[in-house]
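I have placed the structure first, in the form of structure tokens, so that the comments after it can refer back to it.
The values are calculated or read from the model by the stated rules, or taken from the named source; none is laboratory data. As the structure is a computational prediction, the values presented were derived from the model and not from experiment. Quick reminder, even Gly has a Cβ in these numbers, built from the backbone with ideal geometry, and neighbours come from all protein chains shown.
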Amino acid sequence: MAEPKKSTKRADRPIYMTVRKLVNPKTGEEVSALVPGSGIDSYLMHELGLRTGDDVRAVLKLPRNAKFHRLVHALGKLVAEQIEDFQGLSAHDAIKRLQRESGICCEVQSINLPGFGALDVAVAQSIAFDEMDEGAFRELYKGICRHICERYWPTLTPEQVADMAELMTAVE
């Protein structure tokens with residue numbers, strides 16, 4: 001009987017690190033060092049078999065702004081509650097639909113339908129916290145606010161839509 005295949009999902013999970021000033025025990029000098037950001041991050045490092053003194057290869061990037069991430073989902077909640085076409089959708093699903101409708105942060109894929117020919121479909125990029133960088137996420141937010149004004153609320157400006165989303169975060 002074959003052994004069950006181990007999941008590789010954990011390997012894709014990022015380990016968050018914090019830059020701290022520490023004293024190098026070999027030289028006695030103060031250095032900047034990366035240390036696990038939390039107990040979970042320490043656990044993930046242990047799970048990888050990392051020990052003190054090991055060399056590692058890493059791709060470093062700053063994490064996204066959690067407050068802004070919540071703001072985007074507040075916009076999705078606002079849309080799901082206030083625009084009839086979106087009622088019944090979760091905040092996340094509303095954002096994904098707006099993303100596809102607007103074409104912002106989407107890749108166009110061509111699908112061949114027998115009897116109909118090729119059809120271009122907008123496939124939304126992942127907005128997961130560790131998938132999309134801060135700059136692209138901000139562009140997505142601005143573009144969705146513009147799209148909402150153009151298609152659903154033509155009497156509002158993108159800034160007014162953004163202000164309403166900001167108010168949604170204040171009441172949560």
- Task: Answer with yes or no whether Ile111 is farther than 30 Å from Met164 by Cα and not assigned by TED's automatic domain parsing to the domain that holds Ile127.
- Result: no
- Filter result (in contact (Cβ under 8 Å) with a residue 12 or more places away in the chain, of a type outside the set (Lys, Arg) and farther than 17 Å from Asp130 by Cβ) within the range 10-33: Val19, Leu22, Ser32, Ala33
- Of the residues that make up the range 101-111, is at least one of a type outside the set (Phe, Trp, Tyr) and part of a helix (DSSP H, G or I)? yes
- Contacts under 9 angstrom Cβ, first residue in the range 114-141 being farther than 30 Å from Asp163 by Cβ and part of a strand (DSSP E or B), partner at pLDDT 90 or above and of a type in the set (Val, Ile, Thr), 6 or more apart: Ala118/Ile111; Leu119/Ile111; Asp120/Val108; Asp120/Ile111; Val121/Val108; Val121/Ile111; Val123/Val108
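Please determine, by comparing only the residues of the range 83-110 that are touching an Asp or Glu at 6+ places or on another chain (Cβ under 8 Å) and surrounded by fewer than 13 Cβ atoms within 10 Å (Cβ to Cβ), which one is farthest from Cys149 (Cα to Cα). Steps first, answer last, please.
Step one: of the range 83-110, the residues touching an Asp or Glu at 6+ places or on another chain (Cβ under 8 Å) are 87, 104-105, 108-110.
If we keep only those that are surrounded by fewer than 13 Cβ atoms within 10 Å (Cβ to Cβ) too, we end up with 87, 108-110.
Numbers: Gln87: 18, Val108: 23, Gln109: 27, Ser110: 28 Å.
For the range 83-110, the residue satisfying everything is Ser110.
Can you tell me which residues in the range 77-100 are touching a residue at least 60 places away in the same chain (Cβ under 8 Å) and assigned to a loop (DSSP other than H, G, I, E, B)?
To start, the set of residues in the range 77-100 that are touching a residue at least 60 places away in the same chain (Cβ under 8 Å) comprises 77-79, 83, 85.
Correct list: Ile83 only.
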